[in-house]
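Read through the structure below, which is laid out as structure tokens, and then see the notes.
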Amino acid sequence: MVRLTDRSPLPDIMALSELEQGRTLVLGGGSNVLFTADFPGLVVINQLTGKQVLDGTDKHGYLRFFAGENWHDCVLWSLENNYFGLENLSLIPGSAGAAPIQNIGAYGVELDSVLDCVEAWDLETQQLCMLRNADCRFTYRDSMFKQSPNKYWVTSITLKLTRNGRVRLSYRGLKEELQAMGVTRPEPVDVSNAVIRIRTRKLPDPGKIGNAGSFFKNPVVGPQIASQLTEQYPGLPVFAQHDGSSKISAAWLIEQCGWKGFREADAGISDLHALVMVNHGNATGNRILALAMRVRESVSDQFGIRLEVEPYIIGPGGQGLKDKAHDA
């Protein structure tokens, strides 16, 4: 294992035999990774730190976060310095470098809406490079970094944030939370506090019980399937997308199949949120994955929708032994 605390050792790391054999795993916080086996190679822990305002005006600012920075700390730091746009992404576990890999998103906002560029080490040219937003090929919980995990190691990200304080409240539960807080004219910090309250109440703390966050992506379906499902299941939460498709709540599908709060030995599904697989103590990664596959099959049988796994799986049953894997 190598702890990467600055960029200068990168050429030396590139020369290690494990990397030449394609067995290198880069981890940030490891908050969205499931191990089903030991990793037979070199693990690089990305601990590059630093937060900077590169350029700013009275309307916007460019903020740079190095890859090893804690994501939530970056959100709070931006708010403290009166740069806005990240408040809906508060309390998401993980590192800043993992954010573009997963294209993290929550409460109506995704990272690609504020990301300007990514600095990364190009494993082919052996040099640092700069990738613009369009180069990253962002889609829902996906990016070029995930699609080609043997190409780049993220070293920092630069975000373009506003200074006007305009908040985004498209997520209905967010408006309800602000009302419960007695906030009638919400500022960005109010939105951040509301998101923290919701996440704390509805999601298990990974510091207290092992979990990899949302285990399945919310499925995206075409308008015809969405119409058929809502007609058959009137309570199904459906969110219209800009391209005419619809995003469906995976948690609702799982809960309707009776899985919420389920436990088998130490592998289980959270009783707070049906989308989160949890480890009550000594469940192996294989046990967690096996239970997840049972959940997926039951949803497929009942609703005809096949859920897609969101965490990066290292070992049998996943994609983690292919070349160089990245933490999401």
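The values are calculated or read from the model by the stated rules, or taken from the named source; none is laboratory data. On a predicted model such as this, the values are computed, not experimentally measured, just so you know. Positions of Cβ are backbone-derived with ideal geometry, glycine not excepted, and every protein chain shown enters the neighbour counts.
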TODO: Among residues belonging to the stretch 67-122 that are more than 21 Å from Gln241 (Cβ to Cβ) and touching a Pro at 6+ places or on another chain (Cβ under 8 Å), point out the one that is surrounded by the fewest Cβ atoms within 10 Å (Cβ to Cβ).
DONE: His72
- [ ] Can you tell me which residue within the stretch 171-212, out of those that are touching a strand residue (DSSP E or B) at 6+ places or on another chain (Cβ under 7 Å) and part of a loop (DSSP other than H, G, I, E, B), is farthest from Asp73 (Cα to Cα)?
- [x] Ile209
TODO: Please find, within the stretch 172-194, the residue that is surrounded by the fewest Cβ atoms within 10 Å (Cβ to Cβ) out of those that are touching a residue at least 60 places away in the same chain (Cβ under 8 Å) and under 17 Å from Phe239 (Cβ atoms).
DONE: Gly173
Task: Given (1) surrounded by fewer than 13 Cβ atoms within 10 Å (Cβ to Cβ); (2) part of a strand (DSSP E or B), number of the condition Lys247 does not satisfy - done: (1)
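Would it be correct to say that Val278 is among the β-branched types (Val, Ile, Thr) and under 17 Å from the mean Cα position of the chain (by Cα)?
Values: among the β-branched types (Val, Ile, Thr): yes; under 17 Å from the mean Cα position of the chain (by Cα): yes.
The answer is yes for Val278.
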TODO: Among the strands (runs of 3 or more DSSP E) lying completely within the stretch 1-113, list those that include at least 1 residues that are closer than 18 Å to Gly213 by Cα and either in contact (Cβ under 8 Å) with a residue 12 or more places away in the chain or aromatic (Phe, Trp, Tyr) (or both).
DONE: 24-27, 33-35
Open item on the list: Which residue is farthest from Ile305 (Cα to Cα), if the candidates are limited to the stretch 213-239 and must be touching a Pro at 6+ places or on another chain (Cβ under 9 Å) and in a strand (DSSP E or B)?
Closed with: Gly213
TODO: Could you please let me know if Ser156 is of a type outside the set (Lys, Arg), closer than 17 Å to Leu86 by Cβ and buried (at least 18 other Cβ atoms within 10 Å of the Cβ)?
DONE: yes
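Just one of Leu169, Leu131 is over 30 Å from Val33 (Cβ atoms), of a type outside the set (S, T, N, Q) and touching a residue at least 12 places away in the same chain (Cβ under 8 Å); which is it?
Numbers: Leu131 fails: over 30 Å from Val33 (Cβ atoms).
Going through Leu169, Leu131 in turn, just one is over 30 Å from Val33 (Cβ atoms), of a type outside the set (S, T, N, Q) and touching a residue at least 12 places away in the same chain (Cβ under 8 Å): Leu169.
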Open item on the list: What pairs come out if I take residues in the stretch 282-306 that are over 12 Å from Ile254 (Cα atoms) and pair them with residues that are surrounded by 14 or more Cβ atoms within 10 Å (Cβ to Cβ) and among the hydroxyl-bearing types (Ser, Thr, Tyr) whose C-beta lies under 9 Å away, six or more apart or interchain?
Closed with: Thr284/Thr36; Gly285/Thr36; Asn286/Thr36; Ile288/Thr36; Leu289/Thr36
Open item on the list: Restricting to the stretch 216-243, give me the number of residues that are of a type in the set (Gly, Ala, Ser) and at pLDDT below 90.
Closed with: 1
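Name every residue in the stretch 131-170 that is part of a helix (DSSP H, G or I), touching a helix residue (DSSP H, G or I) at 6+ places or on another chain (Cβ under 8 Å) and either small (Gly, Ala, Ser) or modelled with pLDDT of 90 or more (or both), in order of residue number. Give the derivation first.
Going through the stretch 131-170, the residues part of a helix (DSSP H, G or I) turn out to be 133-136, 144-147.
This time we only want the ones that are touching a helix residue (DSSP H, G or I) at 6+ places or on another chain (Cβ under 8 Å), so: 133, 135-136, 144-146.
Asn133, Asp135, Cys136, Met144, Phe145, listed by residue number.
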